C-alpha cells in the first residue's frame, strides 16, 4: 500500500513541536513496515521571508502537484488531517491522477468548529471521502453533514514515553498549564484564577502566547515558572511528573492530548467541560470537570482548586491510578493498530 498523510501543519525550525501529534503518528506507522511507501506532506510557513506567508497555501498546492500529482507512482490512500481546505488537494489528486485512490479524513477541531460546514466546496469535497475519523465522540456529534459510513473515534495517540513517574511525595508545582496562551485555551481564566486565589500557588506555565499577560502574571503573589520554549516530549513528561494537577481551561477542546498524556504519567486533570474532557474524564474518579463558564470560574475555581490540592493522600493516589488505567486506550501503538485496520479496509489488496 502507498499511503500519503496530508496535513495543514507539521514541525518546522521555529516551531518543532507544531503538529507533533501527526508527526508522531506518521513515524509510528512507518515503523510498522506495513507500507510499500508512506509519506507525510504538510503546509510549512515561510520562515525567512515571512511576508510571503500570504501565499503559503499556493506553495503548498504547487508542491503537492509536483511531488504527487506528477509522480510516476500512484497513491492508494490519502489520509487528510484537518479537513478544510486540505481536502481540496486530495480531491484534485483523485480527479487528475488516480480515480481509485481512497480518501480518509481525521477531523481535529477547527475544521468543524470554525468552518462553514454548509459551504459549497466543503460539502462537495465531502462526497469523495471514504472514511472519517473524529478525535472524540461528542465532537463527532457536532458534524452536520450526513455520514454514509460509520466514523472511527481515534485520538492522535500518546507516546509510550508517557509512563507513570515514581511516586513523588512533594510535587514541585501545584498546577501545570500546558497550552498556548490564547483565548480559546483559557489564558484569561488562568489569570483570573491567579487574581482570585487566596492561596499562594506554585504554577508552571508551558506554551507560547501573550507576552503582555506573562508579564502581568509575574506581578501576582504566586510562584509562577514559565517554560515558553518549544517543549520536547521529554520536557513535558518531566513537568507532568513534577505537578500535582494539570489544569485545562479551554473554551473548546475536541480532545486535548495533554490531558491523556498527563493521566498516563499519573498526574490527574482539572478541566473545563469540553468534548475532550468529557471523553476522557470520569468525574471524581480520574480527574475533575468544572463548568465551562467564565462567571463560575471567576467565583468558584480558586476555592475548588484549593479543596483538591488539600485532599487526603489516599484519595489523591487513587485518582492518579485511575488516570493511568483509563489513559491506556489512548496509547499511540493502539491508535496505529486501529489505523492500519482502517487503511486495509479501504485498500484490501495491499
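The values are calculated or read from the model by the stated rules, or taken from the named source; none is laboratory data. Note that the coordinates shown come from a computational prediction; the quantities given were computed from them, not determined experimentally. Every residue, glycine as well, gets a Cβ built from its backbone with ideal geometry; the counts of neighbours run over all protein chains shown.
Can you name the residue in the stretch 1-31 that is under 25 Å from residue 72 (Cα atoms) and in a loop (DSSP other than H, G, I, E, B) and is also modelled with the highest pLDDT among such residues?
Only one residue fits best here, namely 1.
Here are the criteria: (1) at pLDDT 95 or above; (2) out of contact with any strand residue (DSSP E or B) (no Cβ under 9 Å at 6 or more places or on another chain); (3) exposed (fewer than 13 other Cβ atoms within 10 Å of the Cβ). Tell me which single one residue 37 does not satisfy.
Among (1) at pLDDT 95 or above; (2) out of contact with any strand residue (DSSP E or B) (no Cβ under 9 Å at 6 or more places or on another chain); (3) exposed (fewer than 13 other Cβ atoms within 10 Å of the Cβ), residue 37 violates only (2).
Taking residue 135 as meeting all but one of (1) within 25 Å of residue 327 (Cα to Cα); (2) more than 19 Å from the chain's Cα centre (by Cα); (3) touching a residue at least 12 places away in the same chain (Cβ under 8 Å), write down the number of the exception.
Of the numbered conditions (1) within 25 Å of residue 327 (Cα to Cα); (2) more than 19 Å from the chain's Cα centre (by Cα); (3) touching a residue at least 12 places away in the same chain (Cβ under 8 Å), the odd one out for residue 135 is (2).
Does the stretch 150-161 hold any residues that are at pLDDT 90 or above and either under 15 Å from the mean Cα position of the chain (by Cα) or farther than 22 Å from residue 133 by Cβ (or both), and which are they?
Of everything in the stretch 150-161, those that are at pLDDT 90 or above and either under 15 Å from the mean Cα position of the chain (by Cα) or farther than 22 Å from residue 133 by Cβ (or both) turn out to be 153, 154, 155, 157, 158, 159, 161.
Just to be sure, is residue 232 closer than 28 Å to residue 20 by Cα, surrounded by fewer than 21 Cβ atoms within 10 Å (Cβ to Cβ) and in contact (Cβ under 8 Å) with a residue 60 or more places away in the chain?
yes
Can you go through 54, 30, 102 and tell me which one is surrounded by fewer than 18 Cβ atoms within 10 Å (Cβ to Cβ) and closer than 18 Å to residue 343 by Cα?
After ruling out the rest, the residue left standing is 30.
Here's the yes/no breakdown for (1) closer than 22 Å to residue 26 by Cα; (2) assigned by TED's automatic domain parsing to the domain that holds residue 7; (3) touching a strand residue (DSSP E or B) at 6+ places or on another chain (Cβ under 7 Å):
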position	(1), (2), (3)
58	no, yes, no
61	yes, yes, no
71	yes, yes, no
82	yes, yes, yes
116	no, yes, no
123	no, yes, no
139	no, yes, no
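Given the criterion surrounded by fewer than 17 Cβ atoms within 10 Å (Cβ to Cβ), in contact with a strand residue (DSSP E or B) (Cβ under 7 Å, 6 or more places away or on another chain) and at negative phi, identify the matching residue among 167, 225.
None of the other options fit; the residue is 225.
Across the stretch 198-220, which residue is surrounded by the fewest Cβ atoms within 10 Å (Cβ to Cβ) among those that are in a helix (DSSP H, G or I) and in contact with a helix residue (DSSP H, G or I) (Cβ under 7 Å, 6 or more places away or on another chain)?
216
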